[in-house]
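Below is one structure, written out as structure tokens; comments come after it.
Nothing in this text is a laboratory measurement; each read-out follows from the coordinates by a stated rule. Here the structure is a predicted model, which is why all the values come from computation and not from measurement. FYI the Cβ positions are ideal-geometry reconstructions off the backbone, even for glycines, and counts take in every protein chain you see.
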Amino acid sequence: MDSISSDKILGSKNGAIGTLTFNYPEKHNAMSPEMAQAAAAVINDFAADPAVRVVILRGAGTKAFVSGGDISKYEKNRATPEQIEAYNKMSSGFRDALTNIAKPTIAMIRGWCLGGGLAIALRCDMRICSEDAQFSVPAARLGIGYAAESLGQLIELCGPSVAKEILFTARRYTAYEAHRIGLVNHVVQAGVLEAFVQQYADTIADNAPLAIVAAKHVINEYVKDAGTRNQALADQAVADCFASQDYVEGRRAFMEKRKPVWTGK
């Protein structure tokens with residue numbers, strides 16, 4: 001198992017699976033801009049490594065995925081408009097890296113997934129949580145406003161009315177409520193969460209990498225407004241599938257009744 005580690009952000013590779021761990025359990029994995037920068041480096045490394053086919057994000061310990069921003073540092077670095085701009089700039093690299101990585105991403109959520117932590121989870125392709133997970137956007141309790149870029153995925157998943165309820169009430173949602181409103185894909189018992197997510201990631205990694213990339217690009221572009229879609233990117237991803245060695249391998253493996261050996265080429 002290869003590792004790419006900093007103090008509070010851990011990156012590891014095990015076969016085709018890359019795992020990013022938010023490693024600040026004493027503060028419920030609250031995020032700082034420095035952690036965001038380290039997390040961006042891990043995601044970019046996974047993106048550049050052809051051996052990595054699926055990425056899992058998780059929190060250290062059992063109490064939280066990410067409990068939000070590190071509020072204890074807000075007085076120092078989010079007190080003035082200039083500080084807020086600098087804070088957002090430091091954090092944007094991770095948001096962009098997570099949004100733009102072409103490989104499938106899974107948020108494995110146990111415990112608290114609050115505020116900025118939920119924003120991270122929403123930027124993943126799928127969210128799988130334990131029964132003891134809790135979700136909230138407590139911005140209204142802190143006087144914080146979120147721009148459209150931060151709320152877009154929430155609105156798309158849950159619809160505008162539910163998104164308003166989440167933001168207006170700032171209340172905690174249970175795992176099963178989160179599943180009902182579309183925030184998460186699956187809810188499982190805490191004791192089997194890791195095994196379930198690992199099996200899910202392995203299932204994805206066993207499929208043709210270029211086909212997965214094409215599906216991600218096509219879906220991501222389709223949900224955008226027509227005027228902002230990068231249709232050329234989606235079309236090229238589909239064309240790459242049909243021009244690939246893997247397409248030939250997939251047909252041959254089917255005819256020969258064997259498991260295909262994918263190369264991502």
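What Kirkwood hydrodynamic radius do you get for the chain when you take the inverse of the mean 1/r over all pairs of distinct Cα atoms, in Å?
On the way: mean 1/r = 0.0516 Å⁻¹.
Its Kirkwood hydrodynamic radius stands at 19.4 Å.
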Query raised in the report: Based on the mean of other beta carbon atoms within 10 Å per residue, what is the order of 160-166, 36-42, most packed first?
Result: 36-42, 160-166
Report summary line: Sorted on mean Cβ neighbours within 10 Å (highest first), peptides 238-245, 109-116, 215-222 come out as 109-116, 215-222, 238-245
Query raised in the report: Based solely on its DSSP helices, what 222 nm [θ] is calculated for the chain when runs of n ≥ 4 H residues each add -39,500 (n - 2.57) and the sum is averaged over all residues, nearest 500 deg cm²/dmol?
Result: -14500 deg cm²/dmol
Report summary line: Non-local residues with an amide H under 5 Å from the amide H of residue 66, with H modelled 1.01 Å from N and Pro and chain starts lacking one, are 114
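As a quick test, which of the pairs 13/216; 63/216; 164/224 have an alpha carbon distance above 24 angstrom in this structure?
Values: 13/216 22 Å; 63/216 31 Å; 164/224 20 Å.
The pairs that break the limit, which is 24 Å between Cα atoms, are 63/216.
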Report summary line: Between residue 225 and residue 161, the two model label points (7 Å from Cα along the beta-carbon direction) sit apart by a distance in nm of 2.4 nm
Query - Column: log10 I(q)/I(0), Debye, Cα scatterers of the stretch 172-256, q = 0.11, 0.12, 0.20 Å⁻¹ - result: -0.51, -0.60, -0.98
Requested in this report: Would you kindly derive the ³J(HN,Hα) couplings of the stretch 55-61 from the backbone phi angles with the Karplus curve 6.51 cos²θ - 1.76 cosθ + 1.60 (θ = phi - 60°), listing them in order in whole Hz, with x for Gly and Pro?
Outcome: 10, 10, 10, 8, x, 6, x
Query - Listed residues 30, 208, 226, most fluctuating in the chain (Gaussian network, C-alpha, under 10 Å) - result: 226
**Report entry** Helix axis angle, 231-242 relative to the chain longest principal axis, alpha carbon, degrees
**Finding:** 40 degrees
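Give me 108, 126 ranked fewest to most by other Cβ atoms within 10 Å of their Cβ, as a rough exposure proxy.
Details: 108 25, 126 17.
The fewest-first ordering by Cβ neighbours comes to 126, 108.
Å³ per residue of the Cα convex hull, for the stretch 209-255? Don't jump to the answer; show the numbers that get you there.
Working: hull volume 2.8 nm³, N = 47.
Output value, Cα hull per residue: 60 Å³.
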Query raised in the report: Can you give the angle from 0 to 90° between the axis of helix 245-255 and the longest principal axis of the chain, with both taken from C-alpha atoms, to the nearest 10?
Result: 60 degrees
Query - Simple spin-label estimate for residue 202 and residue 169 in nanometres, 7 Å along Cα-Cβ - result: 3.9 nm
Query - Principal axis dimensions, largest first and in whole angstrom, of the stretch 106-175 by Cα - result: 28, 22, 19
Report task. With label points built 7 Å along Cα→Cβ from the Cα atoms of residue 252 and residue 146, find their separation and express it in nm. Result -> 4.8 nm
